[in-house]
1. No solvent, one uniform scatterer per C-alpha: report log10 I(q)/I(0) for the range 37-109 via the Debye equation at q = 0.20, 0.22 1/Å, two decimals.
2. Does the range 114-232 classify as rounded, prolate or oblate by the C-alpha gyration tensor (a ≥ b ≥ c root eigenvalues; a/c under 1.5 gives rounded; else a/b over b/c gives prolate, otherwise oblate)?
3. Mind checking which lysines have their Cα closer than 20 Å to the Cα of residue 127? Skip sequence neighbours fewer than 8 apart in that chain.
4. What is the Cα centroid distance between the range 70-146 and the range 231-293, reported in whole angstrom?
5. If amide hydrogens are placed 1.01 Å from N in the peptide plane, which non-local residues have theirs closer than 5 Å to the one on residue 187?
6. Connecting C-alpha atoms closer than 10 Å in a GNM of the chain, tell me which of 214, 48, 88 has the biggest fluctuation.
7. When DSSP beta bridges are limited to those with both residues in the chain, what percentage is antiparallel, rounded to the nearest 5?
8. Given a Förster distance of 30 angstrom, what is the FRET efficiency for residue 136 paired with residue 236, based on the Cβ-Cβ distance and rounded to 0.05?
Amino acid sequence: MNLRKMVIAVSLLLGTQSGVVALSQAHAASTSQAAAAFTQRHAVPLKINNTLIGQGAPKIIVPTTGATAEQVLAQAKMIGENPDADLIEYRIDYLNFANDPAQVAALGKKIVAEVKGKPLILTFRTKAEGGAKVITDQAWGDLYLALIKSHFIDILDVEMFRQPAVVQKVVAAAHEAGIKVVMSSHDFNNTPDTAEIVSRLRKQDEMGADILKIAVMPHNAGDVLKLQDATAQIRERYSRKPLLTMSMGGLGAVTRITGQVWGSDLTFGMIGEASAPGQIEVKPLRQALETINMAMTGK
């Protein structure tokens, strides 16, 4: 059985965390034979601190979900000490003081000290794309521009559908400061057609993103396959920038595990509390990612 058919065959199993554990427990059997020969177009690796994105198994991002500085610092300490977490996402839209750049930056610098060199992604997820707070595009841009000057951010999440002039200004300022940009699109209600997913990711590439991201909500197995197909098309035909693509909810959990097959280089895991539906605890997630990696590479 080739790898694509194998992944489809286990998709139903992987739809739950118990399925992830079952797959990791089957590790020895699933990798006991040499990997079948296949070709795959990889991302050009992106190195941030000591983390190499775009090579081997997808890297795991763990978000903060706290509303207070104390809560966020406690989460950052756990993320920093957990060997299964590769990056931290500092979700500032959850904060009680999200609109105060001085307080956000002060806390961000403390987070950096706690996570021991793991790259920090700063994200204000707007209410329009499933986040915790409403904010105007201008206020969002002004907040980001102020935080860019604080020099603690490694990667900045920029939503592609904010006001174009504001997005352009933020991306330019981030790059001038040496910050990488993950450009994002989220649909918490539906899954667009494959062609639309491909179009959005290609547009992000054109807009200067360093990492291309989309998250969609499936209603059936066909929707999950749309996301996987679009990811493979981007990787094989259009871009070698790192990808972060996912189908959300329990139905889409398979995409958080099998990204390496289709070309996605990053995934989200959780320690305690999820920031989006379908996230998986980091330990079983790591085990599943490594199982897929060994099946694909034979080592």
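Read-outs throughout are calculated quantities, based only on the coordinates presented, and are distinct from any laboratory measurement. Keep in mind it's a predicted model, so treat the numbers as computed, not measured. All Cβ positions, even for glycine, are placed from backbone atoms using ideal geometry, and neighbour counts span all protein chains on display.
1. Log10 of I(q)/I(0), two decimals: -0.88, -0.97.
2. Prolate is the answer for the range 114-232, as a/c is 1.5 or above and a/b outweighs b/c.
3. 213
4. Centre-to-centre distance over Cα atoms comes out at 21 Å.
5. Those lying under 5 Å, H to H, from residue 187 are 215, 216, 217.
6. 48
7. So the antiparallel bridges in the chain amount to around 10 percent.
8. Once the sixth-power term is evaluated, E becomes 0.20.
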